[in-house]
Amino acid sequence: MTDTRGYSLAQQYAAELEAANPRPGYGEFYKAQVEATPAPILEERTTATEQDTSSMSKHDQNALAQSLEYTATRSLGDTRTGSRAASMASLSLRDMLPSLIDADTGRVKRIPPENLPAGERYSLSAALLASARTLQAGAQLIVIPDPQLIETGFAPMTQNLPSGLIAIDAAEFAATDPDEEVSETALPIAEAMIDREAGTQYGLRVKISRSQVKSKGWDTVASELQTSIVSGLARAVDRELLKAIAATTPPAFTLPAAAAAGCRFTELRALVGTDGTAATVNATGDLNAAGVPAELTPVTAGTYVADWTRTGVAVNDEISLILHRLDVTGTLEVTAFIDLHALLPDAGKVWAAA
């Protein structure tokens with residue numbers, strides 16, 4: 001039985017999933033041997049280095065690179081039962097990521113060295129904000145806070161702090177006769193709180209070959225993997241929010257409707273899906289949808305216009321990773337999990353373009 005003490009919910013889920021589901025080609029009695037390696041990996045790796053001096057001393061490596069190399073050099077496990085060498089790792093949205101974008105061409109370039117100046121490195125959260133179309137349009141990214149430790153006098157306990165997105169509108173004043181009582185109106189505050197049990201879990205699985213490592217090195221492979229994962233996470237953020245918007249069946253967009261909702265025109269942005277509904281390009285090359293500045297997105301079919309600051313997506317700080325060594329050559333399989341929560345406190349400022 002896999003020991004999951006100290007794991008996050010996503011890590012527990014991943015470990016249980018790996019232990020419970022046989023994989024094709026690994027036998028009926030497949031069982032993952034999962035270890036928690038964020039901090040222990042450094043200690044275990046030091047011990048391994050005393051026996052094998054050809055690995056860690058080669059060069060400085062970031063945490064993910066260490067985890068990848070460690071897993072790739074572990075024993076394959078018990079081939080009679082189909083068990084595989086596995087390790088747990090994670091990526092934090094606070095981790096630093098080398099810039100992959102060439103400022104002159106705007107194209108992805110080769111990973112620069114690890115010792116870049118601070119101004120040329122970005123956190124995963126900054127890369128996420130720059131990549132997700134909904135976040136670029138103004139949607140809020142909310143990092144779910146860690147549970148708070150509570151001292152009970154006995155065993156310590158943890159408590160999830162309530163968090164979410166609150167939208168506050170202008171309260172309605174009305175002309176009033178001095179001799180009459182002021183009529184009551186509803187306080188225009190809407191909120192969408194995070195339900196930690198109701199989010200959507202997203203996952204991906206990729207392979208890293210030994211030839212990739214030989215040609216690029218562990219640091220470069222790890223940085224490329226981080227960049228690909230955060231770009232994929234940006235797509236997942238867009239998909240989660242736009243899926244939630246589509247489920248509300250928003251009304252058709254019109255300028256009078258936006259005016260009645262109290263929107264400023266400069267606050268409106270459109271996202272054009274794969275159907276291209278209502279999309280036009282003007283003489284200066286600007287993309288618009290229903291007359292509103294727009295951007296393209298591949299994760300939905302329809303076109304939506306909104307004051308996106310009234311929408312958001314909550315995300316865990318950490319992306320949980322399971323690393324498997326697949327064969328004697330050191331081929332790795334990387335599986336990533338993260339939970340996303342779409343937040344729509346004020347759906348009255350979201351419309352579908354027709």
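The values are calculated or read from the model by the stated rules, or taken from the named source; none is laboratory data. Owing to the predicted nature of the structure, the values given are computational and were not obtained by experimental measurement. For neighbour counting, all protein chains shown are included, and Cβ atoms are generated from backbone atoms with ideal geometry for every residue, glycine included. To get the accessible areas, we keep the full protein, side chains included, count just its heavy atoms, and leave off ligands, DNA and RNA. Shrake-Rupley method; radii C 1.70, N 1.55, O 1.52, S 1.80 Å.
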Q) From the list L128, L100, which one is under 30 Å from V299 (Cβ atoms), modelled with pLDDT of 80 or more, in contact with a helix residue (DSSP H, G or I) (Cβ under 7 Å, 6 or more places away or on another chain) and open to solvent by less than 80 Å² (accessible area, probe 1.4 Å)? A) L128
(Q) Between a residue in region 185-212 that is surrounded by 15 or more Cβ atoms within 10 Å (Cβ to Cβ) and any residue that is of a type in the set (D, E) and in a loop (DSSP other than H, G, I, E, B), which pairs come within a Cβ distance under 8 Å, given they are 6 or more apart or on different chains? (A) A190/D169; A190/D346
Q. Quick one: what pairs do we get from region 229-250, first residue farther than 12 Å from R133 by Cα, second in a helix (DSSP H, G or I) and among the small types (G, A, S), C-beta under 9 Å, 6+ apart or different chains?
A. V230/S125; V230/A127; V230/S131; I245/A347; T248/A347; P250/A347
(Q) Need the failing condition index for T249 against (1) surrounded by fewer than 19 Cβ atoms within 10 Å (Cβ to Cβ); (2) assigned to a strand (DSSP E or B); (3) not acidic (D, E), just the number. (A) (2)
Q: Starting from region 136-150, keep only residues that are part of a strand (DSSP E or B), then list their pairs with residues that are open to solvent by less than 70 Å² (accessible area, probe 1.4 Å) whose Cβ atoms are within a distance under 6 Å, requiring at least 6 positions of separation or different chains.
A: Q140/L165; Q140/G312; L141/L135; I142/G312; I142/A314; V143/D317; Q148/L161
Q) So which residues in region 317-354 are part of a loop (DSSP other than H, G, I, E, B), over 27 Å from G273 (Cβ atoms) and in contact with a Leu (Cβ under 9 Å, 6 or more places away or on another chain), if there are any at all? A) D317, L326, D327, V328
(Q) Checking the structure you have, find out if any residue of region 315-335 is of a type outside the set (A, V, I, L, M, F, W, C), open to solvent by 30 Å² or more (accessible area, probe 1.4 Å), closer than 18 Å to L129 by Cβ and in contact (Cβ under 8 Å) with a residue 60 or more places away in the chain. (A) yes
(Q) So, in region 272-314, how many residues would count as being farther than 18 Å from A261 by Cβ, open to solvent by 40 Å² or more (accessible area, probe 1.4 Å), outside any strand (DSSP E or B) and among the polar types (S, T, N, Q)? (A) 4
Q. In region 151-169, how many residues are open to solvent by 70 Å² or more (accessible area, probe 1.4 Å) and in a strand (DSSP E or B)?
A. 5
Q: May I ask you to verify whether R264 is touching a helix residue (DSSP H, G or I) at 6+ places or on another chain (Cβ under 6 Å) and open to solvent by 30 Å² or more (accessible area, probe 1.4 Å)?
A: no
